[in-house]
Amino acid sequence: MQRTNFGEMACSIARTLDVIGEPWSPLILRDVWAGLRRFDQLQADLRISRKVLTERLGHLVDQGVLERRPYDNRPRYEYHLTVKGAELVDLLMVMAGWGDKWLAGQAGPPVLYRHHACGEISRADLRCAHCGEPMHAGDVDLLPGPGAAV
């Protein structure tokens with residue numbers, strides 16, 4: 001079955017989904033961010049087939065989200081976030097906040113985030129880059145941008 005190429009759409013959400021829209025990709029990024037960098041570590045944590053993990057890692061490397069670094073003389077690699085990948089983790093933190101609010105249930109969030117700058121447990125918070133005020137769906141108008149489809 002041919003997968004739809006979202007990368008060609010004039011939509012930044014669709015283009016982002018083209019990079020991380022396959023369900024395993026965000027989980028792989030989460031694990032690499034958490035310090036699981038070797039293939040066997042990722043496979044053991046995710047319980048994913050070697051074939052699917054190989055394909056997903058290759059895609060994330062091709063997209064410039066992860067980079068492979070050799071760690072011994074054999075062709076073995078560790079995976080590290082690139083700058084582009086680290087910014088995607090910011091998106092995952094916002095997703096986790098939504099999941100914590102709406103899906104965590106009685107047990108509460110499975111992970112807490114301690115902010116390095118202040119040492120406090122906190123969560124990601126969307127703010128306007130211009131004025132610093134909260135920025136949510138009801139606080140914005142959608143306007144055509146320079147890359148809008150004609």
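Here are some notes:
- Simple Cβ-charge dipole of the chain, Lys/Arg +1 and Asp/Glu -1, about Cα centre, in debye nearest 20: 660 debye
- Carbon/sulfur fraction of accessible area - the chain, other protein chains in place, 1.4 Å, %: 56 percent
- The alpha carbon convex hull volume per residue for region 68-150 rounds to 232 Å³.
- Projecting the Cα atoms of VAL94, GLN41, ASN5 onto the charge dipole of the chain, computed from C-beta unit charges around the Cα centre, puts GLN41 farthest toward the positive end.
- Within the chain, helices built from complete DSSP H runs that reach 15 Å or longer along their own axis (Cα positions) and carry a mean Kyte-Doolittle hydropathy of 0.0 or higher are 83-103.
- Distances between placed amide hydrogens fall under 5 Å for LEU66 paired with VAL61, THR82, all partners being 5 or more residues away or on another chain.
- The structure-derived value of semi-axes √(5λ) of the Cα gyration tensor in Å appears in the list (i) 26, 18, 14; (ii) 29, 23, 16; (iii) 36, 14, 13 under the label (ii).
- FRET efficiency, LEU17 to ASN73 (Cβ-Cβ, R0 35 Å, nearest 0.05): 0.35
- Under the simplified labelling scheme, the VAL94-GLN41 pair shows an inter-label distance of 2.8 nm, with each label point 7 Å from Cα along Cα→Cβ.
- Gained length - HIS116 relative to MET9, 0.36 nm times residue gap less alpha-carbon distance: 34.8 nm
- Extension gain (nm, one decimal) between CYS128 and GLU55, 0.36 nm per residue minus Cα-Cα: 22.6 nm
The values are calculated or read from the model by the stated rules, or taken from the named source; none is laboratory data. Source: prediction; values computed, not measured. All Cβ positions, glycine included, derive from the backbone under ideal geometry; neighbour counts span all protein chains shown. These accessible areas exclude ligands, DNA and RNA; they are computed on the full protein's heavy atoms, side chains included. Shrake-Rupley method; radii C 1.70, N 1.55, O 1.52, S 1.80 Å.
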